[in-house]
Structure formats: C-alpha cells, structure tokens
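Read the structure below first, then the notes.
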Amino acid sequence: MNHLHCPSRRALLTGAGAAGATALLTGCQTYGTQPPVAEPGAPAPTGTDGATTAPDGQAPALALLADIPVGGGKVFGTEGVVVTRPAEDTVRAFSATCTHQGCTVAEVTDGTIVCRCHNSAFDIADGSVRSGPARSALAESRVTVDGDSIRLA
C-alpha cells in the first residue's frame with residue numbers, strides 16, 4: 001500500500017500565512033505606474049494637502065504664508081509636522097508627534113500647539129512644553145520660506 005506523506009498542521013498554517021502575506025504585499029505594489037504629467041498651461045500637480053509641486057523639483061509647498069496666521073499655526077498630519085508663525089517674519093516647524101505618548105497634535109490655538117489625547121500643550125515659538133503630561137519639547141523640523149510658499153527643507 002502506498003502511503004502519502006501528510007503535512008503537519010503547523011506546516012499547513014505556516015504555508016497559508018506566507019501565502020496570505022505574499023498576496024497582501026503584492027496588492028500594495030504599483031509596478032509601472034507613472035506620476036501624472038500636467039498638460040502645458042495646466043496647474044502644477046498637487047502634493048499632499050493641496051500643495052503644488054515646484055517646477056524646479058523642490059519639495060511641494062506645505063502652505064502659503066497667508067495660510068498660517070501670525071500667533072497661530074497649522075497641523076499637517078500627513079507630513080507629520082506642525083507649522084507655526086510666532087511673529088510676522090518668523091515661521092517655525094515641529095514634529096506633530098506629541099512627546100507624551102505619540103499622538104498627533106490636534107491644533108494650534110492661542111499661541112499653543114495642543115495635543116488632545118492628554119491635553120499636553122507646547123509653545124509655538126520653540127516647541128517647549130507649556131503644560132503636561134508631556135515632559136519633552138516637540139522636535140524641531142526644518143522649513144524654508146520661498147516667496148510666499150512654505151516648504152519642508
């Protein structure tokens with residue numbers, strides 16, 4: 001009599017898991033896709049949060065100066081930064097990740113960057129902690145101002 005070798009339950013589950021992971025990763029790949037090309041005279045392609053890509057290949061603009069109020073700021077969750085404008089001629093940027101437990105900060109209000117997870121507050125000028133439970137300042141990010149455009153450096 002001919003007996004077939006039957007795989008163990010562990011071997012079957014391992015194989016099924018590997019096949020599932022392969023299928024998942026294959027579905028995430030985008031072979032052969034090209035970025036969209038704008039027609040002559042059409043607006044420049046947009047980046048995240050509606051920012052336009054600079055024609056000279058610079059990083060896309062996060063915002064215009066007019067979008068960031070003096071004494072306030074704006075959170076760019078996709079980029080992981082919060083951009084502030086503590087004074088008319090000063091633009092700063094910090095990590096949008098709260099140093100307490102890693103939540104993304106929610107808003108900038110009354111000169112303060114606010115994390116709503118546990119109500120930590122940070123100063124818009126230097127990212128320092130104004131009130132806890134966070135104990136460490138937000139990490140500074142680099143931005144440049146090019147004309148009216150604010151870009152990640």
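The values are calculated or read from the model by the stated rules, or taken from the named source; none is laboratory data. Source: prediction; values computed, not measured. When we count neighbours, we look across all protein chains shown, and the Cβ atoms used for this are built from the backbone with ideal geometry, even at glycine. For accessibility, only protein heavy atoms count, side chains too; no ligands or nucleic acids. Shrake-Rupley method; radii C 1.70, N 1.55, O 1.52, S 1.80 Å.
Can you find even one residue in segment 107-117 that is surrounded by fewer than 16 Cβ atoms within 10 Å (Cβ to Cβ), more than 20 Å from the chain's Cα centre (by Cα) and farther than 16 Å from G71 by Cβ? No.
Report yes if A63 is in a strand (DSSP E or B) and surrounded by 18 or more Cβ atoms within 10 Å (Cβ to Cβ), otherwise no. Criteria met by A63. The requirement of being hydrophobic (A, V, I, L, M, F, W, C), touching a residue at least 60 places away in the same chain (Cβ under 8 Å) and open to solvent by 20 Å² or more (accessible area, probe 1.4 Å) is fulfilled nowhere in segment 131-142; no residue meets it.
When G127 is tested against (1) in a strand (DSSP E or B); (2) of a type outside the set (A, V, I, L, M); (3) open to solvent by less than 40 Å² (accessible area, probe 1.4 Å), only condition (1) is not met.
Name the pairs: first residue in segment 87-110 and on the phi > 0 side of the Ramachandran plot, second residue open to solvent by less than 60 Å² (accessible area, probe 1.4 Å), Cβ to Cβ under 9 Å, at least 6 apart or on different chains? Once the first residue is on the phi > 0 side of the Ramachandran plot and sits in segment 87-110, its partners that are open to solvent by less than 60 Å² (accessible area, probe 1.4 Å) give D110/G71; D110/G72.
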